[in-house]
1. (1) modelled with pLDDT under 95; (2) acidic (Asp, Glu); (3) over 20 Å from the mean Cα position of the chain (by Cα): which one isn't true of Glu212, the others all being true?
2. If Val161 satisfies all but one of (1) in a loop (DSSP other than H, G, I, E, B); (2) buried (at least 20 other Cβ atoms within 10 Å of the Cβ), what's the number of the condition it fails?
3. Give Thr109, Thr137 a once-over and let me know the one that is within 24 Å of Ala242 (Cα to Cα) and either touching a residue at least 24 places away in the same chain (Cβ under 8 Å) or among the basic types (Lys, Arg) (or both).
4. Assigned to a loop (DSSP other than H, G, I, E, B), more than 24 Å from Asp229 (Cβ to Cβ) and in contact with a Phe, Trp or Tyr (Cβ under 8 Å, 6 or more places away or on another chain), is that true of Ala121?
5. Is it fair to say Pro230 is modelled with pLDDT under 85 and crowded, with 18+ Cβ neighbours inside 10 Å?
Amino acid sequence: MRIGNRRFGHKAFPLRNAGLRGAGKIRLIIALAVGGFALLSYCSSASYNPVTGEKQYLSMTPSQEIAMGLQAVEQMAARHGGLHPDPRLQEFLDSVCWQIIRNSQAAETQWQFECHLLSDASVVNAFALPGGQMFITYALFRQLETEGQLAGVMAHEIGHVVARHSAQRMAKSQLTQGIIQAVIMGTESGGMGQMAGMVGNMVNMQYGREDELESDSIGVMLMAQSGYDPNALKGVMKILAAASQGRSAPEFFSTHPNPENRIEKIDKAIQSQFPEGLPNNLKP
């Protein structure tokens, strides 16, 4: 009987190993399908952007972007103490924003632009939501020295909107999450999935910082088209660099590249877009 048991046990181990190999193959096939679907969905979302002149991969339609931005306005304002109570300051912001929007390539787009001055007097920041909702905190607004500098800030944020950076980041995030899920499903190691997630986060962060530099370049174009001297945008960078020494800067610098490095990029954008010099009579 003992001999029979040993013989039976000797044959059982290969069967068990074969079952494990079969399960591994099924897991791998599912993982490849998940990853392939994520990649196919990303590649099939390609769209041409007439403002940037580039092919983009987008996860939302323009109407979805506009709706998302509108839904988030109250929440974003609440995070910064609500809208600023002085209507004169808001009117001035509106006049600058619409000077850019109506007299630049932004007028040829379908976005629902709206500028908001936030009450926050401690956090230096400006940002844009998908679809055209844009914000600047009073902490940054009050440090700007000229109308042209305010135009530079808002032209930069308009650049984010017309370049559809939010939709691009969402599409890339969906691709990253699909690949991470595929890696986790294809391996038994949680460490591999965690590593894939770290790599994905680094890729998306770098992509976001590239967005900031592209928005600077678009801002240069929009400012000149609407009658503002894009050199004023360099003055904004100097103000932000000075603000980085205080307590009000961390939120802005968590998402934006170093202002001193951006001044060099802005100079290059001006030289590239206007090799024969800027138009005359631009507002500083």
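1. Condition not satisfied by Glu212: (3).
2. Evaluating Val161 over (1) in a loop (DSSP other than H, G, I, E, B); (2) buried (at least 20 other Cβ atoms within 10 Å of the Cβ) leaves (1) as the failure.
3. Answer to the check: Thr137.
4. Taking the combined requirement at face value, the residue satisfies it.
5. no
The values are calculated or read from the model by the stated rules, or taken from the named source; none is laboratory data. Keep in mind that what you see is a predicted model, and the values were worked out from it rather than measured. So basically every Cβ, Gly included, is an ideal-geometry build from the backbone, and we count neighbours across all protein chains shown.
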